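First comes the structure, then the notes that go with it.
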Amino acid sequence: MDFLLDATQIALKDSLRRYLEAEVAPIVHSHESDKTPVPRPVVAAMRDFGLIGGLLPEADGGFGLSMTTYGMLITEVARVWPSLRGTLSVSNLTASVLAGSGSPVLREKYLPRILRGETIACFALSEPNIGSDAANVQTRAERTSSGWRINGRKLYITNGPVCDLGIVFVNTPLADGTRGVSCLVFESGMPGFSCTPLGKMGMHSCSLGELLFDDVEVPAENLVGRIGGGFSIAKKYLNIGRSIVGFASLGIAEVALEAAIRFAKDRVQFGRPIGSFQLVQQMVAEMMTHVETSRLLCYRAADALDRDLPGNQILCAMAKRYASDAALRVSELSLQVHGGAGYTTLFPVERYYRDARHLSIGEGTNQILGMLMAQAELGLSALR
Ligand SMILES: Cc1cc2nc3c(=O)[nH]c(=O)nc-3n(C[C@H](O)[C@H](O)[C@H](O)COP(=O)(O)OP(=O)(O)OC[C@H]3O[C@@H](n4cnc5c(N)ncnc54)[C@H](O)[C@@H]3O)c2cc1C
């Protein structure tokens with residue numbers, strides 16, 4: 001859908017693609033196989049392409065990119081290394097929260113390090129008993145004479161095992177005697193904090209962990225926004241997060257389709273390339289349609305977000321929901337086109353399938369997003 005991209009955007013996309021192919025692609029397979037995290041210099045190198053702090057205003061140390069431009073860059077990264085995309089996205093999300101809702105003290109202390117790519121950050125909302133119902137946070141923070149004491153666990157936290165700092169959503173007492181969700185910054189070196197890495201199906205170089213807060217003391221100045229305002233902060237950035245997951249899904253779907261086309265032209269059975277058989281062509285046609293539809297929806301949602309059009313939240317949810325399902329379907333079909341080769345690690349297509357699988361779960365499961373979409377149209381809620 002190049003008609004939305006101008007010459008500057010296309011030049012940026014091309015230079016990022018050249019860099020990723022030359023410098024990053026050669027290390028992906030070994031890192032994923034060994035389950036070693038994305039190297040920090042690779043994360044930091046993404047800064048020059050606008051991928052760290054890209055959406056933040058220049059006044060905050062960002063690049064002031066539109067969602068359309070940023071999404072285009074995210075697709076390029078996801079084409080080559082979804083683990084790098086995941087690591088960057090979560091660090092960026094935390095930077096956006098600090099820039100948008102953090103005090104001047106917090107912004108000065110933490111933001112420059114994240115934006116230089118020196119510091120990896122995490123965003124800790126989900127818990128063992130709290131997933132889709134994210135407003136009911138159970139991790140507690142109590143007031144102390146100098147700040148807050150945090151106790152509880154956070155589960156499935158991207159970057160947890162490698163993070164230097166993070167934001168954590170906690171249940172705190174409110175002035176009226178009730179309790180609400182607040183947002184605090186913690187550092188991984190604080191006494192009482194620990195993280196247990198979790199094994200998972202794909203994206204092996206983007207670490208995931210369970211965080212334990214055992215009497216972790218954070219200073220009062222580490223409160224982000226107001227007491228009780230934490231869930232509004234979490235919700236504010238979910239919209240952008242969903243758009244980003246849509247673009248990331250598009251990247252995986254694109255390369256899975258390209259791999260299927262290459263293989264279908266090369267592989268000969270019954271004396272002919274398998275791509276000449278109608279049933280293989282049907283799979284290619286289905287993949288092409290999913291990729292093109294994902295692209296149209298992702299750019300449509302990003303454009304609506306950039307122009308703050310009414311209903312942009314619904315379009316972001318729709319783009320994420322469609323593109324993440326499509327990425328899984330396209331990588332599955334690509335694996336089928338590859339036959340036995342697709343199931344082996346000799347070809348990257350089995351990784352595309354594994355890497356795509358979580359995209360329908362994070363940033364709101366596709367079931368929850370479907371309900372939000374229908375609720376907006378029907379005026380009827382399935383949840384409350
Ligand atoms: C790879 C990965 C990375 C992640 N990174 C982070 C992170 O960095 N930070 C973070 O905070 N979280 C993170 N998460 C957690 C993610 O946000 C949650 O997994 C997600 O919100 C779903 O919560 P849950 O897993 O507890 O599933 P549940 O909420 O228990 O849902 C289980 C199933 O029930 C369905 N379901 C639930 N409620 C309803 C309903 N009312 N109607 C219909 N269906 C329903 C869901 O759609 C799902 O299919 C990550 C998850 C993964 C897999």
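Structure notes:
- Computed on the chain, with alpha-carbon pairs under 8 angstrom and 6+ residues apart, the relative contact order is 15 percent.
- Kirkwood-based shape ratio for segment 2-115, expressed as Rg/Rh from alpha carbons: 0.99
- Take the Cα of Leu212, step 7 Å toward its Cβ, do the same at Leu309, and the gap between the two points is 5.0 nm.
- Selected from Ser249, Ala25, Leu106, residue furthest toward positive end of dipole (the chain; charges at beta carbon): Ser249
- The listed residues Ser381, Ser205 rank as Ser381, Ser205 when sorted by accessible area, largest first, using a 1.4 Å probe.
- Dipole of segment 265-377 [Lys/Arg +1, Asp/Glu -1 at C-beta], most positive-end residue of Gly370, Ala301, Val280: Val280
- Shown for segment 2-115: the carbon plus sulfur share of the solvent-accessible area, taken with all protein chains present and a 1.4 angstrom probe, equals 56%.
- Dipole axis of segment 31-123 (+1 Lys, Arg; -1 Asp, Glu on Cβ), positive-most option in Phe63, Val97, Leu73: Val97
- Taken along the Cα-to-beta-carbon direction at a fixed 7 Å, the label points for Lys236 and Leu198 span 2.7 nm.
- Normalised contact order of segment 1-155, rounded percent, pairs of Cα under 8 Å and 6 or more residues apart: 18
- In units of the compact-protein estimate 2.2 N^0.38 Å, segment 232-378 shows a Cα radius of gyration of 1.16.
- Given +1 at the Cβ of Lys and Arg, -1 at the Cβ of Asp and Glu and no other charges, the dipole of the chain around its Cα centre is 400 debye to the nearest 20.
- Once Rg and the Kirkwood radius are both taken over the C-alpha atoms of segment 121-227, their ratio Rg/Rh works out to 0.97.
- When nucleic acids and ligands are ignored and a 1.4 Å probe is applied, Asp325 ends up with an accessible area of around 80 Å².
- Segment Arg18-Lys265, length gained on full extension (0.36 nm per residue, minus Cα span): 86.4 nm
- Separation of the alpha carbons by more than 28 angstrom is noted, of Lys109/Lys200; Lys13/Lys320; Lys236/Lys320; Lys35/Lys236; Lys109/Lys236; Lys154/Lys320, for Lys109/Lys200; Lys35/Lys236.
- Its relative contact order, with pairs defined as Cα atoms under 8 Å and 6+ residues apart, puts segment 158-204 at 37 percent.
- Using heavy atoms of the protein chains and a probe of 1.4 Å, the accessible area assigned to Arg18 is about 150 Å².
- FRET efficiency for the pair Asp34 and Glu118, taken as 1/(1 + (r/R0)^6) with r the Cβ-Cβ distance and R0 = 25 Å, rounds to 0.60.
- When nucleic acids and ligands are ignored and a 1.4 Å probe is applied, Met283 ends up with an accessible area of around 40 Å².
- Working from label points 7 Å from Cα in the Cα-to-Cβ sense, the Arg329 to Asn151 distance is 4.9 nm.
- Cα convex hull of the chain - mean projected area over all directions, nm²: 20.0
The values are calculated or read from the model by the stated rules, or taken from the named source; none is laboratory data. In this text the structure is predicted, and so the values were computed from the model without any measurement. Reconstructed Cβ throughout: ideal geometry from the backbone, glycine too, with neighbour counts over all protein chains shown. Surface accessibility is based on the protein's heavy atoms, side chains included, excluding ligands, DNA and RNA. Shrake-Rupley method; radii C 1.70, N 1.55, O 1.52, S 1.80 Å.
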